[in-house]
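Nothing in this text is a laboratory measurement; each read-out follows from the coordinates by a stated rule. The shown structure was predicted, so the numbers you read here are calculated from the model rather than taken from an experiment. Cβ coordinates were reconstructed from backbone atoms using ideal geometry, including for glycine residues, and neighbour counts include every protein chain displayed.
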């Protein structure tokens, strides 16, 4: 969450936030109360991009950690497709630079949608050794 406003508007919001609210606030921006909407949008755009990139990186790190620990994660097209087919996937992670044609990408997204899995797209490439071919998933459960 981004809090944006002038000193008068931000003061009560920052005075007594709950612990949960403190966790959700990613950035506080000082913006003139008379600033036009497009100016506000241009000021928060880079902050939003950074926050989205950070969230995407955190999810990718979760997938990598789950795969490396042989926990609730899979990597690679075949393993991910199989887990999707079994309904095991909680979150499908697709790198924008993944070595997938449109048919494979669409098939993975369709499988995720039919099983209720979330889909996270990542704009920056994974490290090659971390998630094979830019495809991975966090699992709800393991079959073995």
- region 1-77, relative contact order in percent, only Cα pairs under 8 angstrom and at least six apart counted: 25 percent
- Only helical DSSP H runs with n ≥ 4 go in: add -39500 (n - 2.57) per run for the chain, normalise by residue count and round the 222 nm mean residue ellipticity to 500 deg cm²/dmol. -15500 deg cm²/dmol
- Task: Calculate how many DSSP beta bridges within the chain are antiparallel, expressed in % of all such bridges and rounded to the nearest 5.
- Result: 45 percent
- Hey, what did the chain get for relative contact order, percent, Cα under 8 Å, at least 6 apart? 26 percent
- Taking 0.36 nm per residue of separation between residue 82 and residue 10 and subtracting their Cα-Cα distance, the length gained on full extension comes to 21.0 nm
- Take the alpha carbon atoms of region 77-125, find their center, do the same for region 1-53, and report the distance between the two centers in whole angstrom. 33 Å
- Just grab the label-to-label distance for residue 114 and residue 51, each label 7 Å out from Cα along the Cβ direction, in nm (one decimal). 3.6 nm
- Item | Residue-span extension gain [residue 39 to residue 104] - 0.36 nm each, minus C-alpha spacing | 19.4 nm
- In nm, give the distance between the simple-model label positions of residue 140 and residue 2, each being 7 Å from the Cα along the Cα-to-Cβ direction. 3.5 nm
